[in-house]
Amino acid sequence: MMKIALFPKVDKETSRRIAQGVVDFLMQRNVMVVMDDENASSFNVPPLSSVNFSELQFIISMGGDGTILRLLHQYQQFDTPIIGINMGHLGFMADIPISDIYPSLSDLLEGSYEIEHRMMLSTSLNGNENFALNDVVIHRSSNPNLVELAIKVDGKHINTFEADGIIFATPNGSTAYSLAAGGPILTPQLEAVVLTPICPHTISNRPIVLMPHHEIQIQYLSTCHDLDVVYDGISQGQMKAGGSLEIKKHKKMLRIVRLARHDYFATLRTKLGWVGKLR
C-alpha cells in the first residue's frame, strides 16, 4: 500500500474542507494517508509518528512555498519527494492550483511525473551547522549604517562589499529575495550559488554566479552591532564583528515532484506578470 504524508492547511474552514477532500480522494484509491500528530485525529487518519519516514512514498504540502520551507526545516530527516498544493498565491515549488488538485493527484498516482533534485546550501557559523534550500541572507539588522563584508572563494579574495548585506541563493531560491535585490533567475535544476549584494554602496557591485563546488567564506569586518544571518526566512543566527560564516553545497538534495501538466516557464510568466507576446 502506498503511504503519503499530508500536511494540511487548517486555519480556515475552506482549507479544511479541501484537505478532507484530498484525504478522501487518496483513501478511495487505497492510499494510506498520515498527518502530523496535531491534526491526524481530526481527519481520522494515523499520526505521522506511527510510521517510519522511510516508508513514505510522497509528502504533500498544502500551503505555499513558505510552507514547504517550514516543513523542510522542521523535518530535516525527511528524504521523501515533496509535492505542493498552493492554497493562496501561485508558488514556484507549490505549483498545483486548487482548481487542478484531483487531475494532478491522479497523475501522481499513475506515475506521470519526474523527480527533480534541488541543490541546498550547508553553513557553519559560530560552530553551529545549518542549511538552506532557498537562500542564506546576511543583513545589517540594527546597524544604522552599511556594513563591510569580505568574501573569499576557496581562500581567494573576491571583494569587500559595503552594503546592507549579501544574499547567497541557490537556483531554487533565485526567484525569491535575490531576484528582488536584482539577482538573475536560474532554472532550479541547475547547481550554482548566486551572490547578490543588498543595496551596495558602489553601483558597480553586481550579482555573481559561482560554481557549486566552491567553499565561500564571509567575514564581518565592521566593528558594529551583530548581523542577522537568516536561513530561508525560517531560522536565524547572529554574526559578531570579526566573525565569519562558511557556505558550501550541502551533501543532501531536495527531491521535488514535477508533474508533466505543470510547466515551470508558464509559472514564471504568471508569477512575474510577464506580458511579452509570442511571435
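The values are calculated or read from the model by the stated rules, or taken from the named source; none is laboratory data. Just so you know, these numbers come straight off a predicted model, no measurement behind them. Virtual Cβ from ideal backbone geometry, glycine too; neighbours counted across all protein chains shown. All accessible areas refer to the heavy atoms of the entire protein, side chains included, with ligands and DNA or RNA removed. Shrake-Rupley method; radii C 1.70, N 1.55, O 1.52, S 1.80 Å.
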_Meets criteria (touching a residue at least 12 places away in the same chain (Cβ under 8 Å), part of a strand (DSSP E or B) and among the hydrophobic types (A, V, I, L, M, F, W, C)) for Leu109_ = no
*asked:* Checking the condition in contact (Cβ under 8 Å) with a residue 24 or more places away in the chain and closer than 30 Å to Gly273 by Cβ, which residue from Met93, Met32 passes?
replied: Met93
_Unmet requirement for Ser235, which otherwise passes all of (1) open to solvent by less than 90 Å² (accessible area, probe 1.4 Å); (2) under 28 Å from Leu105 (Cα atoms)_ = (2)
*Find all pairs meeting these conditions: Cβ atoms under 9 angstrom apart; at least six residues apart or on different chains; first residue within region 3-29 and within 23 Å of Ser54 (Cα to Cα) and at pLDDT below 95; second residue charged (D, E, K, R) and open to solvent by less than 50 Å² (accessible area, probe 1.4 Å).*
Pro8/Asp36
*Could you run through region 239-264 and say how many residues are more than 21 Å from Val209 (Cα to Cα) and open to solvent by 70 Å² or more (accessible area, probe 1.4 Å)?*
5
*Only one residue in Lys277, Lys252, Lys271 is at pLDDT 85 or above and either within 16 Å of Ala132 (Cβ to Cβ) or not small (Gly, Ala, Ser) (or both). Which one?*
Lys252
*Taking region 74-104 on its own, how many of its residues are open to solvent by 20 Å² or more (accessible area, probe 1.4 Å), outside any loop (DSSP other than H, G, I, E, B) and among the aliphatic types (A, V, I, L, M)?*
1
*Residues of region 16-46 being open to solvent by 10 Å² or more (accessible area, probe 1.4 Å) and closer than 16 Å to Leu71 by Cβ, which ones?*
Asp36, Asp37, Glu38, Asn39
*Report, by residue number, each residue of region 120-153 that is of a type in the set (Ser, Thr, Tyr) and either surrounded by 21 or more Cβ atoms within 10 Å (Cβ to Cβ) or over 20 Å from the mean Cα position of the chain (by Cα) (or both).*
Thr123, Ser141, Ser142
_I'd like to verify a number: residues in region 55-68 that are surrounded by fewer than 19 Cβ atoms within 10 Å (Cβ to Cβ) and over 12 Å from Met2 (Cα atoms), how many?_
1
*Six or more apart or on different chains, Cβ under 7 Å: which pairs go from a residue in region 160-172 that's among the aromatic types (Phe, Trp, Tyr) to one that's assigned to a loop (DSSP other than H, G, I, E, B) and open to solvent by 20 Å² or more (accessible area, probe 1.4 Å)? Could you list them?*
Phe161/Pro200; Phe161/Asn205
*Report yes if Thr196 is crowded, with 16+ Cβ neighbours inside 10 Å, in contact with a helix residue (DSSP H, G or I) (Cβ under 7 Å, 6 or more places away or on another chain) and hydroxyl-bearing (Ser, Thr, Tyr), otherwise no.*
yes
